[in-house]
Amino acid sequence: MNLYLRIVLYLFLITQLQPMLYAQTEPEMIFVNGGTFKMGDKNGDHDEYPVHTVTLSSFYISKHEITIKQYKEYCADTGVKMPKSPSKEWQLEHDEA
């Protein structure tokens, strides 16, 4: 294989594999504007009524789901207590996502 093809192949592989090779350790956060909206359903289940006004302040949220491993690291770094897991399977199944 000539040098030109090797370089092209290398660049292609790097651009395609880079996201997998350098996994995100800090979650990407997105800003959500606060606002007011109506919540509930007068024809819904008992926990959906009455319809009421809810106002939320602006906040940041992770663009992608946070893994249990990431949350454990956050708790360790900040001193926040990790909540009790609902079951052993939950803890083991999702720990290394």
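The values are calculated or read from the model by the stated rules, or taken from the named source; none is laboratory data. The structure presented is a predicted model; accordingly, all values stated were derived computationally and were not measured. Positions of Cβ are backbone-derived with ideal geometry, glycine not excepted, and every protein chain shown enters the neighbour counts. Just the protein is used for accessible areas: all its heavy atoms, side chains included, with ligands, DNA and RNA removed. Shrake-Rupley method; radii C 1.70, N 1.55, O 1.52, S 1.80 Å.
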Given (1) in contact with a strand residue (DSSP E or B) (Cβ under 8 Å, 6 or more places away or on another chain); (2) among the polar types (S, T, N, Q); (3) modelled with pLDDT under 85, index of the condition THR25 fails: (1)
Top-ranked residue of the range 23-68 - restricted to ones that are among the aliphatic types (A, V, I, L, M) and in a strand (DSSP E or B), ranked as nearest to PRO86 (Cα to Cα): ILE61
Flag for GLY44 being of a type outside the set (Lys, Arg), surrounded by fewer than 11 Cβ atoms within 10 Å (Cβ to Cβ), modelled with pLDDT of 75 or more and at positive phi: no
Close pairs from the range 74-92: first assigned to a loop (DSSP other than H, G, I, E, B), partner open to solvent by less than 80 Å² (accessible area, probe 1.4 Å) and modelled with pLDDT under 70, Cβ under 8 Å, at least 6 apart: SER85/GLN91
Which numbered condition LEU5 fails, given (1) modelled with pLDDT under 80; (2) open to solvent by less than 70 Å² (accessible area, probe 1.4 Å); (3) of a type in the set (A, V, I, L, M): (2)
